[in-house]
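Each value in this text was obtained by applying a stated rule to the coordinates, not by laboratory testing. Quantities reported herein were computed from a predicted structural model and do not represent experimental measurements. Here Cβ is always computed from backbone atoms with ideal geometry, including for glycine, and neighbour counts include all displayed protein chains.
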Amino acid sequence: MWSSLALFVIKQRRILILLIAVMTVFMAWKAKDVEMTYDFAQVVSPNDPDVVYFQQFKQTFGEDGNVLVLGLQDSSVYKLGNFTELRNLTDTLSAVEGVNGVLSVSKVLALRKDTATQQFKAISIFQKAPETQRELDSLMREVNRVEFYKGQLISPTTGATLLALTMDPKYLNSSRRQAVMNDILGHAEAFSKKTGIRLHYAGLPYVRSTMTTKVAAEMKFFVLLTVLMMAATLFMFFRTWAAVIFPILVVLVVVVWCVGTMVLLGYKINLLTGLIPSILIVIGIPNCTYLLSRYHYDYRKSGNQILAMTRVVRKIGLVTLMNNTTTAIGFFVFCFTDIAILYQFGLIATINIFVAFLVSFILIPAVFTYLPPPTPKQLEHLDAKPLTKLLEFFEHLVLERRGTVYLIGAGLVAISLLGITRIKSVSYMVDDLPKESSVNSDLKFFEQHFNGIMPLEIVIDTGKKQGILKTKNLEKIDRLEKFLRTQPVLSSPVSIVTFLKASTQAFYNDNPEYYRLPDNSERNFILRYLAQSRGQGSANGPMSDKLLRSFADSTGQRARISLKIADIGSRNLDTLINRQIQPQIQEIFNGSGMTVKLTGTTILFTKGNEYLINTLKESILIAFALVGLVVLILFRSLRAVFFTLLPNLVTLILTGGLMGYFGIPLKPSTALIFSIALGIDGDNSIHLLAKFRQELAVNGRKVKAAISTTLREAGTSMIYTSITLFLGFSVFAFSEFGGTKALGLLMSASLLITNFSNLILLPCLLVTFEHGKDETINKSLLQHYDDDYHQEDDDYELNLSRMTVKRLGTEA
């Protein structure tokens with residue numbers, strides 16, 4: 001089959017090249033429509049009860065992650081000129097399309113009791129711009145009397161203040177987000193330039209926008225850097241520009257197809273899918289190096305281009321297909337999950353890994369049979385002395401020092417298992433951004449002055465309509481809120497209780513001493529005022545329903561407590577919730593008939609990371625099973641499955657040990673590595689086993705002789721491939737995202753370790769278990785995976801004698 005395929009590709013190369021060109025143009029036309037995702041990835045199953053509950057929460061109370069905050073700590077803002085600029089900034093931001101509202105110190109509202117209508121009216125403290133410093137100071141004293149804003153708008157300890165912008169969700173989740181963000185940041189920077197006051201930025205809209213921008217920039221940067229790295233590597237190996245230009249052309253075609261595939265499937269670029277083009281370049285180049293190094297080897301033996309290239313396709317075509325299959329398995333296992341971001345990543349990568357195989361197996365034979373044959377100088381890489389010496393050393397270890405290899409291997413595995421016990425599972429909301437980034441430094445500002453900025457929600461269900469207005473229920477909620485205020489990583493809570501306290505203060509003419517829940521004698525008066533205030537709201541008029549609906553459902557049965565929390569990491573958050581908040585909830589609400597549930601973006605993010613890590617652990621097991629199945633089908637031997645999986649298990653254990661000793665935590669980005677590494681590392685095992693089986697048939701089934709030849713011939717291309725992959729993945733170490741950087745470093749480490757596993761440990765296992773001492777082994781174990789391997793080259797050469805090649809575009 002592969003012989004016929006080789007002849008078909010060479011005979012029909014002009015038509016095949018044209019077809020690939022047409023398809024590439026089509027994919028490029030589709031690729032121009034690719035979009036970035038503007039939301040955090042959904043990493044928990046949509047059917048998960050917590051996800052379903054959170055969706056219900058948003059339908060009842062609205063979004064929890066649509067607030068962008070601008071913070072500052074500079075007393076000069078309360079100078080008349082700067083305060084006027086702050087007021088102008090607030091007005092300007094309020095008018096930005098995509099911003100629903102802005103809360104700032106220059107636009108604060110205060111409740112005022114209107115005894116004539118028995119209503120509370122929300123009156124702007126700054127009804128007109130202050131004209132003198134004395135007037136401003138007087139109004140600020142009035143602002144500071146409003147207890148509601150302490151810890152929310154103004155830090156009671158440091159005096160820092162913030163502007164809170166409520167974003168329109170329709171803009172947040174679309175391509176219009178970036179234009180809105182640029183508009184907001186432009187006005188903010190203009191304010192800073194005029195006043196000299198530094199602004200800090202935080203909130204999920206800002207984090208998402210920043211990450212989206214960086215993902216887009218890094219995607220382009222990595223594609224360019226990877227192409228340059230691969231070009232330099234190819235030139236170092238082959239010393240000819242043809243062996244650089246055309247493999248690079250092959251992987252660029254694959255990149256175009258990859259982006260086109262995203263558009264055709266309706267997917268967008270996110271933190272994971274943005275890596276696929278660069279990964280495909282790294283994975284696609286080894287296909288070309290396999291073909292070219294084998295082509296050079298066979299051309300030197302035969303002196304005939306057509307014969308050499310046909311032998312290449314015939315001898316390594318199936319093996320390379322299986323190599324690509326095992327690589328694809330490392331990504332395909334993610335398609336077994338119901339996590340959208342992983343499913344898309346796995347599906348796109350899997351499809352385009354096979355595209356890379358197809359394009360390389362058409363273009364490389366087609367193009368290089370057009371080009372002049374390689375010169376003796378270009379074939380010198382086959383005899384590179386450092387490489388030869390290295391392979392001779394490996395051969396010595398395998399044939400003479402197997403006991404030492406096993407002893408060292410066992411020692412490294414034991415040490416690595418100890419390192420694995422040190423791995424901690426932890427992740428942060430802005431985990432992927434470097435600590436020195438502006439996002440992290442600004443986040444620290446809000447954690448210092450306001451205890452945090454990440455959303456956390458608590459819902460209290462009283463079980464009865466209008467149950468939240470019962471005094472005993474309000475007192476329990478207030479007790480919980482008092483406890484929450486004692487936690488240094490939580491902001492001051494906002495709830496229906498907070499509004500009732502503010503109403504009590506307003507009822508007593510804004511006296512801060514009355515910022516408390518109304519007692520039984522006050523309750524009916526205050527609730528009557530609130531009832532009269534509902535449904536008549538305006539910007540400066542009575543309190544509106546909208547404000548109350550944000551913290552109580554329409555039936556009065558459920559209440560919402562809204563907080564902000566510091567980005568303390570998944571482990572600390574789990575401790576805070578399960579060991580501090582939940583026990584307090586149990587103590588306060590036990591026996592009351594009320595239920596309390598924590599929800600929100602932060603909770604789901606943490607759960608999502610745990611869910612994702614567990615899913616990726618399952619993916620590793622599936623990957624082992626699928627790789628074993630491929631090897632079983634290919635070699636029809638359970639022993640071959642053992643020979644393939646054991647060295648690669650050692651590779652993964654050693655990689656895990658490095659994680660433990662270097663303090664790299666287990667999180668989605670690092671857990672992702674093991675399945676991918678297993679797929680890629682399995683390629684080398686299959687390649688070496690295939691060559692070993694072939695050499696057994698050629699040299700009379702003498703195992704040691706077969707190992708020697710296999711290491712000399714297959715070892716060269718395996719080392720080339722490992723170096724190529726090592727250099728390719730190492731470019732990810734330049735990423736600003738911690739997860740991407742870890743991917744690059746750990747994958748590079750894995751690719752170095754796999755040389756020990758597959759070029760030393762695997763051959764040792766073959767010598768030890770395939771036979772004892774250069775005896776003839778059972779013929780039943782030599783059943784080969786492709787009958788073409790049993791054909792003699794001379795027989796096939798007779799068919800090739802009828803073919804000639806005319807250079808530069810003439811027919812074969």
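Listed values, structure above:
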| item | result |
| --- | --- |
| Cβ-Cβ FRET estimate between Arg239 and Ala216, R0 fixed at 22 Å, reported to 0.05 | 0.05 |
| Which labelled figure in (i) -0.47, -0.79, -1.17; (ii) -0.39, -0.71, -1.12; (iii) -0.51, -0.78, -1.02 is log10 I(q)/I(0) by the Debye sum over Cα atoms at q = 0.06, 0.08, 0.10 Å⁻¹, once derived from the coordinates | (iii) |
| Nearest 10 degrees, 0 to 90: helix 402-420 Cα axis against the chain principal axis | 10 degrees |
| Potential lengthening between His187 and Lys32 on full extension [0.36 nm per residue; Cα-Cα distance subtracted] | 52.7 nm |
| Length gained when the stretch Asn144-Asn47 is fully extended (0.36 nm per residue, less Cα-Cα span) | 30.3 nm |
| Listed pairs Lys476/Lys597; Lys444/Lys597; Lys214/Lys564; Lys79/Lys113; Lys472/Lys597 exceeding 22 Å between Cα atoms | Lys444/Lys597; Lys214/Lys564; Lys79/Lys113 |
| Burial ordering of Glu392, Glu587, fewest other beta-carbon atoms within 10 Å first | Glu587, Glu392 |
| Global form of segment 136-275, assessed from the alpha-carbon gyration tensor, a/c cut-off 1.5 | prolate |
| Approximate spin-label separation Asp519-Glu392, in nm, with each point projected 7 Å along Cα-to-Cβ | 9.9 nm |
| FRET E, pair Thr421, Leu321, Förster distance 41 Å, beta-carbon r, rounded to 0.05 | 0.55 |
| Degrees separating the helix 242-265 axis from the principal Cα axis of the chain, which is the longest one | 40 degrees |
| Theoretical gain in end-to-end length, Thr132 to Phe336 [0.36 nm per residue, Cα-Cα removed] | 66.7 nm |
| Interchain or long-range residues, amide H under 5 Å from Gly569's placed H | Met429 |
| Paramagnetic reach from Phe354 in segment 622-658 [backbone N under 18 Å; point 7 Å along Cα→Cβ] | 623, 626-631, 633-634 |
| Spin-label pair Arg401/Thr158, simplified geometry with 7 Å Cα→Cβ offset, distance in nm | 5.9 nm |
| Helical contribution to [θ] at 222 nm, DSSP H n ≥ 4, -39,500 (n - 2.57), averaged over the chain, rounded to 500 | -20500 deg cm²/dmol |
| Label-reachable residues, segment 731-747, where backbone N falls under 19 Å from a point 7 Å from Arg571's Cα toward its Cβ | 738-739, 742 |
| Cα centroid of segment 149-174 to Cα centroid of segment 617-664, whole Å | 49 Å |
| Simple spin-label estimate for Asn614 and Gln118 in nanometres, 7 Å along Cα-Cβ | 5.5 nm |
